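The values are calculated or read from the model by the stated rules, or taken from the named source; none is laboratory data. No experiment lies behind these values; they were computed from the predicted model shown. Cβ placement follows ideal geometry from the backbone for every residue including glycine, while neighbour counts extend to all protein chains displayed.
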Amino acid sequence: MTISPKERTTDKMPRIEGLTVDMKLWRTPLDVDKFSIPHGEAHILRARCKGCELCVRYCPRDVLGLSEEMNEKGYHPPRAVHPERCVACRLCELLCPEFCIYIVEEDEGE
């Protein structure tokens with residue numbers, strides 16, 4: 001007997017809408033006060049970008065999107081669509097073949 005993905009979904013499992021999953025914890029971790037979620041700010045060197053869209057496609061928090069403007073090379077560079085979602089994972093830095101994006105981690109006081 002084969003179970004389709006729709007049949008596997010229960011009320012206990014999070015539902016996936018696009019690439020974002022909102023999860024509700026069933027308990028609060030004991031050390032929750034010791035840690036904070038990091039936040040970052042994406043900086044894009046528009047002139048270097050060749051529009052490969054790797055940073056946009058693989059951002060786990062959907063922070064980046066393509067801009068409407070073109071750079072000097074004729075490509076659409078990325079822009080921060082939802083900058084408040086950035087958790088400074090630096091995946092965009094690792095994936096960019098032209099090294100045109102970097103993340104600056106923000107302090108908690110900002």
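Residues that are over 12 Å from residue 38 (Cβ atoms) and without any contact (Cβ under 8 Å) to a residue 24 or more places away in the chain number at least 1 in the following strands (runs of 3 or more DSSP E) confined to region 58-110: 64-66. Selection of region 27-56 for residues being without any contact (Cβ under 8 Å) to a residue 40 or more places away in the chain and under 27 Å from residue 107 (Cα atoms) yields 28, 29, 30, 31, 32, 33, 34, 35, 56.
The single condition among (1) over 13 Å from the mean Cα position of the chain (by Cα); (2) at pLDDT below 95 that residue 97 does not satisfy is (2). Can you find even one residue in region 24-45 that is of a type outside the set (S, T, N, Q), modelled with pLDDT of 95 or more, part of a loop (DSSP other than H, G, I, E, B) and under 21 Å from the mean Cα position of the chain (by Cα)? So far as region 24-45 goes, yes, one or more of its residues are of a type outside the set (S, T, N, Q), modelled with pLDDT of 95 or more, part of a loop (DSSP other than H, G, I, E, B) and under 21 Å from the mean Cα position of the chain (by Cα).
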